[in-house]
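Just below is one structure, and these are the notes that go with it.
The values are calculated or read from the model by the stated rules, or taken from the named source; none is laboratory data. Note that the structure is a prediction, hence the values are computed from the model and not measured. Here Cβ is always computed from backbone atoms with ideal geometry, including for glycine, and neighbour counts include all displayed protein chains. The area values use the complete protein model at the heavy-atom level, side chains included, leaving out ligands, DNA and RNA. Shrake-Rupley method; radii C 1.70, N 1.55, O 1.52, S 1.80 Å.
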Amino acid sequence: MAAGAAIFDVDGTLTDTNHLHVVTWWEAFRQAGHTVPMPDIHRAVGLGSGDLIERLLGPGRDPAQDSAISSAHKALYGTYSDRIPAFEGAGDLLRALAGRDWRVVLATSASGPELAALRRAVDADEAIRDTASSDDVDEGKPAPEPVQLALELAGVGAGQAVFVGDTVWDMEAATRAGVSAVALLSGGIPRADLEAAGADAVFRDVAELLGRLDDSLPVTGGLRGATTEPARLPHRP
C-alpha cells in the first residue's frame, strides 16, 4: 500500500525560477506600457497568468492587453528554458519519496514547453507519477482545483496527501483542498506569510526536507475532517 501522495509545486519549490518570472513579467508589463514594482510581481508569482495580470493591473485595466502581456512573458521566460536551475536535492527528494512508496504528483501553473523545461531541470521523471498543469483545470491556485486534481491522479484522499509549495497561493490551495501544507522558504516568501496562509510546517528548502525524511512525526493539522490515517512527512517544530 502506498504511503500517500506527495504533491509538489515546481517554480520556487523544486526550481529556482521565481525571480526569473519576476524579471520577465516586469519586462512584459513594461512593453505594454505599465510600470509594475518587482516586489508586487514577486508576491503574485504562482498565480496563473490571467489572475496575475488582474491582480497587478486591477479590474479597471484594458483586458485586450492581457493576451499580449502573457505571450510576452512566455517568450521572455522561454529564453531561459535551456538553463533553468533546479534546487540542490530536488530530484533526489522526489526519487527518495517514490522509493518510500509515495505517489509523487506535480501541481503547477506551468504547462507545455515551460513545464517540459522544468521537468528536464529537476531530472526525476522516473519518480513523477503524474502532473496537474494549468491546461488541466479551470481555476488555478489559490483555488483548490489543482490540488484536487492531483489527488485524483494519485488515487488518494485528502487525508493521505501532503502538498509542498513556496507561496501563499500554494498554502491556500492545499488548505482549501483539505491537504496538509508544507512550505519552503526557497521562493522568497516570509515564513509568517506562509504560516498565516495555512502552512503546517516550514522548511528552508528541498535539501532540508530531504534530510528529514526519516523523521517519524506527522505534519500536524493535516486531517481536516478526514477519517483515515494522515500522510506523514517530517514536522519542523
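Just to be sure I understand: with springs between alpha-carbon atoms less than 10 Å apart, which residue in 182, 104, 36 has the highest mean-square fluctuation in the Gaussian network model of the chain? Comparing 182, 104, 36 in a Gaussian network model of the chain, the most mobile one is 36. Ligands, DNA and RNA are left out, and with a 1.4 angstrom probe the accessible area of the chain is 43 Å² per residue. What FRET efficiency do you get for residue 204 and residue 67 if R0 is 41 Å and r is their Cβ-Cβ distance, rounded to the nearest 0.05? Computed FRET efficiency for residue 204 and residue 67: 0.60. Each of (1) 25, 23, 18; (2) 28, 21, 20; (3) 30, 18, 16 is a candidate for semi-axes √(5λ) of the Cα gyration tensor in Å; the one calculated from this structure is (3). Residues considered: 174, 64, 192. Largest GNM mean-square fluctuation over the chain, using C-alpha springs under 10 Å, is found at 64. Near residue 28: Cβ cut-off under 12 Å, other residues only, Lys/Arg at +1 and Asp/Glu at -1. The net charge is 0.
Calculated mean residue ellipticity, 222 nm, the chain: -11500 deg cm²/dmol, from DSSP H runs (n ≥ 4) at -39500 (n - 2.57) each, averaged per residue and rounded to 500. Net length available on complete extension from residue 123 to residue 74 is 15.4 nm, with 0.36 nm assigned per residue and the Cα-Cα distance removed.
Could you tell me what percent of the accessible area of the chain is made up of carbon and sulfur, with a 1.4 Å probe and every protein chain present?
49
With 0.36 nm allotted per residue and the present C-alpha distance subtracted, the residue 82-residue 100 stretch has 3.4 nm of extension available. Taking all Cα pairs closer than 8 Å and separated by 6 or more residues, the relative contact order of the chain comes to 23 percent.
Of the complete DSSP H runs in the chain, those spanning 15 angstrom or more by Cα along the long axis with a mean Kyte-Doolittle score not below 0.0 are 112-122. Neighbours of residue 197 by Cβ distance under 14 Å: Lys/Arg scored +1, Asp/Glu scored -1, total -3.
Dipole check for the stretch 110-226: with +1 at the C-beta of Lys and Arg, -1 at the C-beta of Asp and Glu, and the Cα centre as origin, the magnitude is about 280 Debye. A Gaussian network model of the chain, with springs between Cα atoms under 10 Å, assigns the largest mean-square fluctuation among 136, 16, 166 to 136. Pair-distance distribution of the stretch 1-120: all C-alpha pairs, bin width 5 Å, starting at 0; shares per bin in whole percent are 2, 11, 20, 21, 16, 12, 8, 6, 3, 1, 0. Projected onto the charge dipole of the chain (+1 at Lys/Arg Cβ, -1 at Asp/Glu Cβ, origin at the Cα centre), which of 32, 115, 173 gives the Cα projection farthest towards the positive end? Result: 173, furthest along the dipole toward the positive end.
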